[in-house]
1. Between residues in segment 151-175 that are under 16 Å from residue 108 (Cβ atoms) and residues that are open to solvent by 70 Å² or more (accessible area, probe 1.4 Å) and of a type in the set (A, V, I, L, M, F, W, C), which pairs lie under 9 Å by C-beta distance while being six or more apart or on different chains?
2. Only residues that are among the polar types (S, T, N, Q) and modelled with pLDDT of 95 or more: list them for segment 60-103, please.
3. Do we find a residue being surrounded by fewer than 18 Cβ atoms within 10 Å (Cβ to Cβ), over 19 Å from residue 77 (Cα atoms), touching a His at 6+ places or on another chain (Cβ under 9 Å) and not β-branched (Val, Ile, Thr) anywhere in segment 143-162?
4. Does any residue of segment 96-107 turn out to be within 19 Å of residue 11 (Cα to Cα), in contact (Cβ under 8 Å) with a residue 24 or more places away in the chain and open to solvent by 10 Å² or more (accessible area, probe 1.4 Å)?
5. Could you tell me which numbered condition residue 128 fails, if it satisfies all but one of (1) under 22 Å from residue 140 (Cα atoms); (2) acidic (Asp, Glu); (3) at pLDDT below 90?
6. Can you give me the ranges of the helices (runs of 4 or more DSSP H) entirely in segment 81-175 with at least 3 residues that are more than 21 Å from residue 62 (Cβ to Cβ)?
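The values are calculated or read from the model by the stated rules, or taken from the named source; none is laboratory data. Quick caveat, the model's predicted, so the values are computed rather than measured. Backbone-built Cβ (ideal geometry, glycine too); neighbour counts: all protein chains shown. Accessible surface is based on the protein model in full, side chains and every heavy atom, while ligands, DNA and RNA are left aside. Shrake-Rupley method; radii C 1.70, N 1.55, O 1.52, S 1.80 Å.
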Amino acid sequence: ELGEGQSARYRRLLNDDIACGIDPLTAGPLATARRQLMAAIHLLEAGAVDVFGEFSALIREIVLVTPQAGPDAIVFGGASTFSLWGAMVLNADNLDERLATAISLTHEAAHSHLFGLALGGRLVENDDAERYPSPLRVDRRPMEGVAHATYVTARIVHVLDRLIESGQLNARETA
């Protein structure tokens, strides 16, 4: 519930990252997604305190959406941008397990961290037209995206290490 005109603004500012239309959730799926989101936030708070602190300092708004079909069958998991500082958009259809949801939160918060460190600027000098393999995407990405993906992957590994060490995961999640 972003308010008058905000949905269009979010779509416009995230258009390059999402590459598909997004729709609001209906009441039932929204309630389910909120429960899953809270379970993941509590997991981070209990098991990865340092990351939870960083997450809490960076993220003020989580927008839950459902995507429309995108090009080449690409479905986004989440998105963030310096233009929407403090906000992240998550695909509510992917919030089915608390560990996977905690990873999605970590992923987007790591992007926000980098946006803040770079003050919305660039991390690399490569031209965006140059494309490279990325650790998190099947499509070739500009080096800026590869740099983000590398940092995000490291943050996810850090969170998984913390969560395993904390004993907060059940046997299936630990495996």
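1. As it stands, the answer is 151/123; 152/136; 153/136, since those pairs meet every condition given.
2. Passing the criteria: only 101.
3. Among the residues of segment 143-162, not one is surrounded by fewer than 18 Cβ atoms within 10 Å (Cβ to Cβ), over 19 Å from residue 77 (Cα atoms), touching a His at 6+ places or on another chain (Cβ under 9 Å) and not β-branched (Val, Ile, Thr), which makes the answer no.
4. If we filter segment 96-107 for residues that are within 19 Å of residue 11 (Cα to Cα), which is where we start, we get none.
Looking through segment 96-107, none of the residues is within 19 Å of residue 11 (Cα to Cα), in contact (Cβ under 8 Å) with a residue 24 or more places away in the chain and open to solvent by 10 Å² or more (accessible area, probe 1.4 Å).
5. Residue 128 satisfies every listed condition except (3).
6. Counting at least 3 such residues, we get 143-166, 171-174.
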